[in-house]
Amino acid sequence: MNKDQVKGRVEEAVGKVKEVAGKATGSTSTEVKGTAQKVAGKTQAAYGDAKDKAQKPG
């Protein structure tokens, strides 16, 4: 697992927490920020997955 994969998955988890907190408190702003952070995390993790796959022989 490379740095991009780890950072992406952490970012995704933090975004999910913010999203849930925003829903629980009724804060649309926090919910939207959490959703955006979650998507950014998924993107970074996917980049890390592709990078890892490209570096492995076979």
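Compute the accessible area per residue over the chain, keeping the other protein chains in place, probe 1.4 Å, unit Å².
Values: 4050 Å² over 58 residues.
Heavy-atom accessible area per residue stands at 70 Å².
Extension gain T25-A46, at 0.36 nm per residue separation less the Cα-Cα distance, in nm? Numbers along the way, then the final one.
Numbers: separation 21, 0.36 × 21 = 7.56 nm, distance 3.04 nm.
Full extension of this stretch gives 4.5 nm more.
Extension gain V17-M1, at 0.36 nm per residue separation less the Cα-Cα distance, in nm?
On the way: separation 16, 0.36 × 16 = 5.76 nm, distance 2.30 nm.
Here the segment from V17 to M1 would lengthen by 3.5 nm.
Based on Cβ point charges of +1 for Lys and Arg and -1 for Asp and Glu, what charge dipole magnitude is obtained for the chain about its Cα centre, in debye rounded to the nearest 20?
Here the chain has a charge dipole of around 80 debye.
What percentage of the solvent-accessible surface of the chain, computed with a 1.4 Å probe over protein heavy atoms, is contributed by carbon and sulfur atoms? List each step's numbers first, then the result.
On the way: 2450 of 4050 Å².
Roughly 61 percent of what the probe reaches on the chain is carbon or sulfur.
Give the whole-number value, in cubic angstrom per residue, of the convex hull volume spanned by the C-alpha atoms of the chain.
Numbers: hull volume 2.8 nm³, N = 58.
Residue-normalised Cα hull volume stands at 49 Å³.
The values are calculated or read from the model by the stated rules, or taken from the named source; none is laboratory data. Values in this document were obtained by computation on a predicted structure and should not be read as measured data. So basically every Cβ, Gly included, is an ideal-geometry build from the backbone, and we count neighbours across all protein chains shown. Ligands, DNA and RNA are excluded from the accessible area calculation, which covers all protein heavy atoms including side chains. Shrake-Rupley method; radii C 1.70, N 1.55, O 1.52, S 1.80 Å.
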